[in-house]
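The structure appears below as structure tokens.
The values are calculated or read from the model by the stated rules, or taken from the named source; none is laboratory data. Everything numeric in this text was worked out from a predicted model, so none of it was measured. Every residue, glycine as well, gets a Cβ built from its backbone with ideal geometry; the counts of neighbours run over all protein chains shown. Accessible surface is based on the protein model in full, side chains and every heavy atom, while ligands, DNA and RNA are left aside. Shrake-Rupley method; radii C 1.70, N 1.55, O 1.52, S 1.80 Å.
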Amino acid sequence: MAAAAGAAAGAPVCVLVLGMAGSGKTTFVQRLAAHLHGQRCPPYVINLDPAVHSLPFPANIDIRDTVNYKEVMKQYVIIDTPGQIEVFTWSASGTIITEALASSFPSVVVYVMDTSRSTNPITFMSNMLYACSILYKTKLPFIVVMNKTDIIDHSFAVEWMQDFETFQDALNQETSYVSNLTRSMSLVLDEFYSSLKVVGVSAVLGTGLDEFFIQLSKAVDEYEREYRPEYERLRKTLEEAQEKQKREQLEHLWKDMGNVCVQGNTPAGPDDASAMGPSELILTRGTLNEEEEERESDTDDIDHEVTEESHEEPAFRNFMQDVRMKCQRKSNPNE
């Protein structure tokens, strides 16, 4: 298989399976895992639905259990999400998981819809609006899997997407206010339909998986061509912003530590404080201050001695004159 060969050659492909409750996501993941095991390409399966009673497939990571991160990544990483779409798509945890995977591995969002319950044009439009919101929220390659084709063929849905008039004819049978809203919304989704990858699959019978992997391979190519450069640009921008923040923090640190001049073009000598790092400045600052204080104290002592001598010199001269005069009187008593 082309998709399997492409996945084996590089990073694993992350497949995020989303869809409404009861659309057959878990059964679809089971069929995907069984198909890949049959192709000797075992996937790495993750269950993110804490409310599921039992899993029909072995999960490498089950949110209900303790997570074991020592398992090595496989060629495919398949993630089964909760049926409550807003729990994963619009929550902070779902955004963190999606962005973390998409920034490191080729990632594709798979939206599973129940074809048998989408024969009503209003229900069909509701599914398409959900799919469109998820596409613009995740900003990743997108595949719509129309599940349960063993009950009803998905050709009517494909025709509704490709032929606006056919969908309008189906809506004419509806007379409610919602039908008028749906008619208006169908005009907005024309651009969404034009680039959408659609596959009909029966998760129970396993039909349509070959076509699914062909579309998955195309989605991976789309990720490498359009999405990865954008993620690399965002990553580079983030690294530059972090580096700028580090430089600003370092400059603030130097300013807070005293009169430390940062001169990028001036060669620093061995005694130049600007050549030291923050830790060296912290360690040596006390020593530098002590040396300066010693020099200042020595200067103060010298000045103090000079001041005392300047006051004592006239008194000493007067004392010497008195002594000299007494000696002269003793030597000449007749005077």
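Observations on the structure shown:
- Test: V87 is assigned to a helix (DSSP H, G or I), at pLDDT below 80, open to solvent by 10 Å² or more (accessible area, probe 1.4 Å) and not acidic (D, E): yes
- I96 meets all of the listed conditions (1) over 22 Å from the mean Cα position of the chain (by Cα); (2) at pLDDT below 85 but one, namely (1).
- Considered as a group, the residues in segment 207-237 that are of a type in the set (V, I, T) and modelled with pLDDT of 90 or more include one that is farthest from T98 (Cα to Cα), and that residue is T207.
- Residue selected from segment 58-84 under the condition open to solvent by 10 Å² or more (accessible area, probe 1.4 Å), among the hydrophobic types (A, V, I, L, M, F, W, C) and under 23 Å from A11 (Cβ atoms), by the criterion modelled with the lowest pLDDT: V72
- L216 vs. criteria open to solvent by less than 30 Å² (accessible area, probe 1.4 Å), under 24 Å from G22 (Cβ atoms) and in a helix (DSSP H, G or I): yes
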